[in-house]
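Trainee: This structure is in structure tokens; I'll ask about it shortly.
The values are calculated or read from the model by the stated rules, or taken from the named source; none is laboratory data. Note that the structure is a prediction, hence the values are computed from the model and not measured. So basically every Cβ, Gly included, is an ideal-geometry build from the backbone, and we count neighbours across all protein chains shown.
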Amino acid sequence: MTDKKWMAVSFLVLVVFTYFLVSFVSQTMTIKHITGRLKGDPQLTMSERHIVLVEQEQGHPYWQLVERGATDAAEANHIAIECIGPVRNNMAEQLKLLEKAIASKVDGIIVQGLNHEQFTPVINKAVEAGIPVITVDADAPSSKRLSFVGTDNLEAGKRQGELVVRSTGGTGKIGVIIGSDKAENQLERLEGIKHVIGEYPGLHIEEVRSSNISLIEAIQQSAEMLQRNPEITTMVGTSATDALGILQAAKSLKRSDIKIIGFDDLPETIEAIRSGDIVATIVQQPYRMGEQSVELLQRYFNGDALSNEYFTRADIMDAAAVAGGMNP
């Protein structure tokens, strides 16, 4: 056999051997993959999980904490997570993003719930498509969502009402700025405030307005409310930037007599409590909300049964707590 023929035969044998080797490895990996899926091997299945967090508003300090908690938990559980949301609070945009997540056939969805006739059917659509949905921060209780993770907002509102009683002595006119008149969490907080205030004949809520989760609107709505109702001496805000908006409005109107009670612990809010400009605030656990939502999806993927609701802590932060270095 000539050298050229020998080289051709050797090359052909090498090609055939390589083909069978690659085929064998590929089939082995495929069998291992299928077996792993059937056994529920987390090393094989978790890397395939893809979930989406649909936020109320991207870039908002509160939702950045929710996102950080969800992202950290996803990384710990080997789950791919995509965090999306409107640039500014907008229910129509949230619905579009939720529809997009459903169309992408993701493995799970975490979304800020809205108890609204347009929102609930879309959550139900996801569940009916086999996509588990967990609501976070605000619930959609009439939907088919799997679980809710967040503050017990009715109780948190009651605590705000108790702060009003404590700071006023049980008499006075009150104004309330809520983050949204469509979000279940905001309405529950308002209900809690009204429940406590209703027990004191000397206290009366003069007006309630919505800030639409916007600092600028919180300032504008607060200023208009105070101008329209100069007898108001206590203002309550139920979302993160409402108290700061109230404070700016009060300062612009030179109303240093206004007692302000807020919600959440933005650095500016804590500084205002320290300086005496805000009486107190209710502190939520947004990082834990995001973290626990992902952990619950992980448990669901593993076949665990979940409860209907998971409440995270809510604490009062006042001047004494700030001075004592309270760490919620």
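Trainee: Across the stretch 289-310, what is the total count of residues that are part of a helix (DSSP H, G or I) and of a type outside the set (Val, Ile, Thr)?
Mentor: Number of matching residues: 12.
Trainee: Considering the stretch 157-187 alone, what residues qualify as being among the charged types (D, E, K, R) and in a strand (DSSP E or B)?
Mentor: Once the filter is applied, which keeps residues that are among the charged types (D, E, K, R) and in a strand (DSSP E or B), the stretch 157-187 yields only Lys173.
Trainee: Looking only at the stretch 174-208, how many residues end up being surrounded by fewer than 18 Cβ atoms within 10 Å (Cβ to Cβ) and at pLDDT 95 or above?
Mentor: Residues flagged as surrounded by fewer than 18 Cβ atoms within 10 Å (Cβ to Cβ) and at pLDDT 95 or above within the stretch 174-208 amount to 11.
Trainee: Among the listed residues Ala323, Ala314, identify the single one that is within 16 Å of Ala138 (Cα to Cα) and at pLDDT below 95.
Mentor: Ala314
Trainee: Sticking with this one: Say we look at the stretch 47-71 and pick out the residues that are surrounded by fewer than 15 Cβ atoms within 10 Å (Cβ to Cβ) and small (Gly, Ala, Ser); which of these is nearest to Ala103 (Cα to Cα)?
Mentor: Taking the candidates together, the pick is Ser47.
Trainee: Has the stretch 135-152 got at least one residue that is among the polar types (S, T, N, Q), within 28 Å of Glu231 (Cβ to Cβ) and at pLDDT below 95?
Mentor: The answer is no, given that none of the residues of the stretch 135-152 is among the polar types (S, T, N, Q), within 28 Å of Glu231 (Cβ to Cβ) and at pLDDT below 95.
Trainee: Give the residues of the stretch 288-314 that are of a type outside the set (S, T, N, Q) and surrounded by 17 or more Cβ atoms within 10 Å (Cβ to Cβ), sorted by residue number.
Mentor: Residues satisfying the conditions are Arg288, Met289, Gly290, Glu291, Val294, Glu295, Leu296, Leu297, Tyr300, Phe301, Tyr310, Ala314.
Trainee: Now, a different point. Conditions: (1) among the small types (Gly, Ala, Ser); (2) in contact with a helix residue (DSSP H, G or I) (Cβ under 6 Å, 6 or more places away or on another chain); (3) at pLDDT 95 or above; (4) surrounded by fewer than 23 Cβ atoms within 10 Å (Cβ to Cβ). Ala74 meets all but one. Number of the miss?
Mentor: Here Ala74 meets the rest and fails (4).
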